[in-house]
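If you scroll down you'll find the structure; I have some questions about it.
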Amino acid sequence: MAIQLPDLPYAKDALEPHISAKTLEFHHGKHHKAYVDNGNKLIAGTELENQDLESIIRKVAGDASKAGIFNNVAQVWNHTFYWNCMKPNGGGPPTGAVAQKIIADFGSYEKFVEEFKNAGATQFGSGWAWLVLNNGKLQVTKTANADTPIAHGVKPILVVDVWEHAYYLDYQNRRPDYLATFVEKLIHWDFVNSCLA
């Protein structure tokens with residue numbers, strides 16, 4: 001199969017109490033797996049079958065006749081990226097190159113946090129809040145549903161999932177609380193630095 005479901009980069013209970021094992025069981029084991037299974041079915045027997053996720057996303061983005069492929073394959077990519085953006089005992093102010101870059105491009109870490117949490121809180125319905133590198137400058141952006149910066153030629157370096165299945169079992173309708181916890185307790189800044197490099 002061309003598209004694989006990657007293992008989580010930590011144990012299912014490793015992010016507790018911030019994200020429960022039950023949430024990861026459903027989110028990774030059911031939602032992410034369904035995107036992998038559907039994506040494989042949709043590309044089977046086509047010229048996309050043996051291509052990597054980013055190539056498929058770029059090829060089908062904006063083609064209404066291939067929306068099903070885009071939605072599933074982009075969701076596989078987005079989720080895999082999201083898992084890697086978190087770690088146990090993460091969060092708080094960044095270290096490394098991204099720390100200086102955030103201050104240079106946002107003015108302060110606090111300003112970045114405000115913009116990032118606001119993007120996640122104001123994304124209507126399902127979607128994602130991103131920190132991206134666009135023409136050498138860090139920006140906060142958001143995308144709806146399966147959309148991803150990859151489809152727009154922009155480099156993602158951090159993401160938070162704001163689909164309800166990412167947080168509802170743990171936070172119910174309190175999306176801002178989930179976003180605050182993500183920033184304060186979960187961001188894997190070493191991974192973010194590796195994406196910036």
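Values quoted throughout were computed directly from the atomic coordinates according to the rules given, and no laboratory measurement underlies them. Everything numeric in this text was worked out from a predicted model, so none of it was measured. No Cβ is skipped: glycine too gets one built from the backbone with ideal geometry, and neighbour counts run over all protein chains shown.
I'm told GLU25 meets every condition in (1) within 19 Å of the chain's Cα centre (by Cα); (2) crowded, with 18+ Cβ neighbours inside 10 Å except one. Can you identify the failing condition by its number?
Unmet condition: (2).
Please tell me if ALA121 is more than 14 Å from ILE187 (Cα to Cα), in contact (Cβ under 8 Å) with a residue 40 or more places away in the chain, small (Gly, Ala, Ser) and surrounded by fewer than 18 Cβ atoms within 10 Å (Cβ to Cβ).
Answer is yes for this residue.
How many of the residues in region 154-179 are farther than 16 Å from HIS18 by Cβ, in contact with a strand residue (DSSP E or B) (Cβ under 9 Å, 6 or more places away or on another chain) and not β-branched (Val, Ile, Thr)?
Total satisfying the criteria: 4.
Conditions (1) touching a helix residue (DSSP H, G or I) at 6+ places or on another chain (Cβ under 7 Å); (2) surrounded by fewer than 17 Cβ atoms within 10 Å (Cβ to Cβ); (3) under 21 Å from LYS30 (Cα atoms), marked per residue:
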| position | (1), (2), (3) |
| --- | --- |
| VAL76 | yes, no, yes |
| HIS79 | yes, no, yes |
| PRO88 | no, yes, no |
| GLU110 | no, yes, no |
| VAL132 | yes, no, no |
| LYS137 | yes, yes, no |
| ILE157 | yes, no, no |
| TRP163 | no, no, yes |
| TYR167 | yes, no, yes |
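Turning to a different aspect of this structure: Quick check on region 11-22. Is at least one of its residues outside any loop (DSSP other than H, G, I, E, B) and out of contact with any Gly (no Cβ under 8 Å at 6 or more places or on another chain)?
The answer is yes; a qualifying residue exists.
Moving on to the next point. Any chance you could count how many residues in region 10-47 are in contact (Cβ under 8 Å) with a residue 40 or more places away in the chain and more than 24 Å from ARG175 (Cα to Cα)?
Total satisfying the criteria: 2.
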